[in-house]
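Report on the following structure.
The values are calculated or read from the model by the stated rules, or taken from the named source; none is laboratory data. Only a predicted model underlies this, so the values are computations on that prediction, with no experimental measurement involved. Glycine also receives a Cβ, built like all others from the backbone with ideal geometry; neighbour counts cover every protein chain displayed.
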Amino acid sequence: MDLALIKELERNPLASNSELGLRLYASRNTIARRVQTLLSQKIISISVIRHISESGTGTMAYFFINASGGRVNKVAEALSAQSQIDQVNITTGQYDIMAFGKFHDNQGLLEFLRTGVGGIQDVAGCQTMIILAATKTDNPLFDEHLAIPGESESPLCTDELALKIIDELDNDPRQNHTVIAKQLGVSRQTISRKIHSLLSSQAISIATYVNPMALGYQTLSVILLKVRPGAIDSAAEKLAGFSEIQGVFVGTGQYDIIAFAVFHNTSDLSALVRGKMGAIKGVLAHETIVVLHAVKSPFGILV
């Protein structure tokens, strides 16, 4: 039943236990217990994602970092303590650590590089990739619902009550509207209208994220591609068409494209890199990184 329940929660994270029970032919209490188990065992995470303008972040970047010998864990922990950093992975390959951060603007990113990364001892090198566009972000595993600047013109609900509601949803996205209303001293109808407005205007989104290890995927990899000018968009689209690929972003820096993929084993990874990727025209070079351990995750699921 758990797999069916996960699929229903991916489809609609806000479905009530009663609704889920009707669809899965189970009692409301059974559904409530199973959801709680999935959450407590970190098999899934249900999270509120704030729109980029709502959260005050306009620049997103990946950082590829090398640490001095024997200091990888120390550097990774120091990075994870930085408020701007949402994700930190210890990896194999050319880089020891991969991190993801969100910043108010490019000046904020520059300041982070100067004092954030620059202030961490034992950082031996850092490559930065600023995200310019998202080609594929539709899989719940990797879809952070990041709004790339310029992609959304939706009006945002930013009044004081709306912000308080978002804070309540951060604590528990599935909590009953009656409970939120009682906490904030307004009617249930007001809360329901506000949440509907926040979702419909894309000020926030709520999504279910699944731990790939719980579904039998043993290898989480990051693929970096250097592509010939003029072929970047077509290469990104081609890569996004592969079923193994869960997310594709175009960015600046040493590489033009960053992609995320999950595999049952390293043989499947090898088949993608040595086989399917050979059909992508314009690729000049690529780097494959395997994630060994997630030190920090924005959704509470650590690989």
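Quick rundown of the values:
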| quantity | calculated |
| --- | --- |
| Candidates 258, 223, 280 - the one that is on the phi < 0 side of the Ramachandran plot and touching a helix residue (DSSP H, G or I) at 6+ places or on another chain (Cβ under 6 Å) | 280 |
| Candidates 40, 68 - the one that is of a type outside the set (A, V, I, L, M, F, W, C), without any contact (Cβ under 8 Å) to a residue 60 or more places away in the chain and within 21 Å of residue 215 (Cα to Cα) | 40 |
| Filter result for residue 153 (modelled with pLDDT under 50, outside the structural domain of residue 244 (by TED's automatic domain parsing) and out of contact with any Pro (no Cβ under 6 Å at 6 or more places or on another chain)) | yes |
| Residue 254 being more than 20 Å from residue 134 (Cβ to Cβ), surrounded by fewer than 19 Cβ atoms within 10 Å (Cβ to Cβ), of a type in the set (S, T, N, Q) and in contact (Cβ under 8 Å) with a residue 12 or more places away in the chain | no |
| Unmet requirement for residue 222, which otherwise passes all of (1) assigned to a helix (DSSP H, G or I); (2) assigned by TED's automatic domain parsing to the domain that holds residue 100; (3) surrounded by 14 or more Cβ atoms within 10 Å (Cβ to Cβ) | (1) |
| Matching residues in the stretch 168-189 - criterion: being among the hydrophobic types (A, V, I, L, M, F, W, C) and in contact with a strand residue (DSSP E or B) (Cβ under 7 Å, 6 or more places away or on another chain) | 169 |
| Residue count, the stretch 1-13 (criterion: touching a strand residue (DSSP E or B) at 6+ places or on another chain (Cβ under 8 Å) and either part of a helix (DSSP H, G or I) or exposed (fewer than 15 other Cβ atoms within 10 Å of the Cβ) (or both)) | 3 |
| Residue count for the stretch 229-251, restricted to those that are over 20 Å from the mean Cα position of the chain (by Cα) and surrounded by 13 or more Cβ atoms within 10 Å (Cβ to Cβ) | 6 |
| Matching entry among 35, 48 (being assigned to a helix (DSSP H, G or I) and in contact (Cβ under 8 Å) with a residue 60 or more places away in the chain) | 35 |
| Candidates 70, 21 - the one that is at pLDDT 90 or above and part of a helix (DSSP H, G or I) | 21 |
| Any hit, the stretch 259-273, residues being over 18 Å from the mean Cα position of the chain (by Cα), among the small types (Gly, Ala, Ser) and outside any helix (DSSP H, G or I) | no |
| Residue check for residue 146: part of a loop (DSSP other than H, G, I, E, B), surrounded by 13 or more Cβ atoms within 10 Å (Cβ to Cβ) and either at pLDDT below 95 or not acidic (Asp, Glu) (or both) | yes |
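Conditions (1) closer than 30 Å to residue 219 by Cα; (2) not in a loop (DSSP other than H, G, I, E, B), marked per residue:
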| site | (1), (2) |
| --- | --- |
| 89 | yes, yes |
| 94 | yes, no |
| 100 | yes, yes |
| 112 | no, yes |
| 119 | no, no |
| 125 | yes, yes |
